[in-house]
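Please read the structure below before turning to the comments.
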Amino acid sequence: MNSTWGAAQLEGEFMQVELAFLRRLLASSAAARDHQEVLRAVIDQTWEATGSDVCSLYLWDAEAGQLVLTATNGLIQEGVGRVRLRLGEGVTGLVAAQRRPLSVPDVRLEPRFQFIPGIDKQRFLSMLSVPVVAGDRLIGVLNVQSDEARPHGPDEIDLLMAIGGHVAGIVERSALLDEVRLLHQHRTELLMTLAHDIGGPLSIVRSYLNGIISRAGPELGRPALEAGEELDRVDAQCHRMLRALTLESAELPVHRRSVDPAELVHQVARRLRAVAGSRVRTHAPRTVARVNCDPEAVQEALLNLAENALKYSPPRERINLELRVLINRIALEVHDHGPGEPAEGWPELEHPFKRGAPGAPVNAPGLQVVRRVAEQHGGSLVIRPRRGGGSVFGIELPTEAVS
């Protein structure tokens, strides 16, 4: 009776120790900021709970067909990411190949153990290695080592297997999150490109359509009005896309070629005059400076700024499209005569959902697109007050070197 009671007491004490360890492990995992930090926390907690001198995690790189040392507490840190083992190589590779735990009381007596020069330390004698698997898929191998030659009991093996299951879950969730992030990035890029490229042409098409409506008879007037309503819906959807997307995660595609910046200004002015007529003026001096850019992206950026300026300038007030030649750079600017955005409010335009000061709305999502286009070309967004009232919005771009 006493012997049975003593064994039960020891088993109960071990379970309490195991539960306390798992609680600490879960708390460390929850506090970590990314899955690499979670894995380091697992290694540290396992090292402490098992009283081992080394705890190491190897993850399976399916593409390379190798186990890669991913985290360790006790081995040389320079080996992380560099030490690689094949299936069946050493005790670690053998456990990965067989997917069964292996206890080695004394590595000096284990012919399958391989000493890794510069990483292993010869004083580490005992080793317990368990596979980390998710279903039938190999995730990696978890090892503990001690400088004392000793066997490992079933409770120790079960605990390390449980920790391996936790590690498998972390790695699986991380892989799924990476896939979700990639899908989200591709979706964001597609929606941003569509919303950005469709918005400007829609305004021009609507202007032509309005001209048709003003001259058409009743038979064509009604279908034309309905077509205009559909354009309005598409335009609203584009603006909703731009407001909803997290612009930091997307990159618009860039197709560069050498262009004359003055021609860019004239092309934008031509497109705008279909909407605003004589309200659009240009100032683009002849220059030998050329820019290596995506002309469509730059035109859309200027259209974005110019349409915002037209929208919030007083009725019939003109806007100016200007080209300024700087040292090794050019500035493509839109000068308006509107109420302007107070200078102290300009930093707020960095935020995607900012709409500007009351009475002087500014399309901040549009500015984010313009900024992204400028930065993709090695340039920057320009925002400054205009002398005499109004604002200046534009982009600066580097010019090509003149040979």
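The values are calculated or read from the model by the stated rules, or taken from the named source; none is laboratory data. Note that the structure is predicted; figures quoted are calculated from it, not measured. In this analysis, Cβ positions are derived from the backbone assuming ideal geometry, glycine residues included, and neighbour counts consider all displayed protein chains.
If a residue has to be more than 17 Å from E300 (Cβ to Cβ) and modelled with pLDDT under 85 to count, how many in segment 363-383 make the cut?
0
Yes/no per residue for (1) charged (D, E, K, R); (2) outside the structural domain of R40 (by TED's automatic domain parsing); (3) within 21 Å of D53 (Cα to Cα):
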{"site": "V95", "(1), (2), (3)": "no, no, yes"}
{"site": "R99", "(1), (2), (3)": "yes, no, no"}
{"site": "V107", "(1), (2), (3)": "no, no, yes"}
{"site": "S126", "(1), (2), (3)": "no, no, yes"}
{"site": "G135", "(1), (2), (3)": "no, no, no"}
{"site": "V141", "(1), (2), (3)": "no, no, yes"}
{"site": "A162", "(1), (2), (3)": "no, no, yes"}
Flag if R386 is at pLDDT 90 or above and touching a strand residue (DSSP E or B) at 6+ places or on another chain (Cβ under 7 Å): no
Lone unmet requirement of (1) β-branched (V, I, T); (2) in the same structural domain as R99 (by TED's automatic domain parsing); (3) at pLDDT below 85 for T188: (2)
Residues of segment 71-121 that turn out to be within 16 Å of V144 (Cβ to Cβ) and among the aromatic types (F, W, Y), as a count: 1
Segment 52-95, subset without any contact (Cβ under 8 Å) to a residue 60 or more places away in the chain and of a type in the set (S, T, N, Q), residue farthest from K121 (Cα to Cα): Q66
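May I ask you to say which residue of P352, P347 is surrounded by 16 or more Cβ atoms within 10 Å (Cβ to Cβ), at pLDDT below 60 and under 29 Å from the mean Cα position of the chain (by Cα)? Before the answer, list the steps.
Numbers: P347 fails: surrounded by 16 or more Cβ atoms within 10 Å (Cβ to Cβ).
The unique qualifying residue is P352.
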Whichever residue in segment 114-139 is touching a residue at least 12 places away in the same chain (Cβ under 8 Å) and surrounded by fewer than 18 Cβ atoms within 10 Å (Cβ to Cβ) and, among such residues, is nearest to H152 (Cα to Cα): R123
Filter result for the condition that a residue is under 19 Å from Y58 (Cα atoms), of a type outside the set (K, R) and more than 40 Å from the chain's Cα centre (by Cα), over Q114, Q98, Q122, Q145: Q114
Residue list for segment 252-292, filter: hydrophobic (A, V, I, L, M, F, W, C), under 22 Å from H335 (Cβ atoms) and more than 34 Å from the chain's Cα centre (by Cα): A262, A269, L272, A274, V275, A276, V280, A284, A289
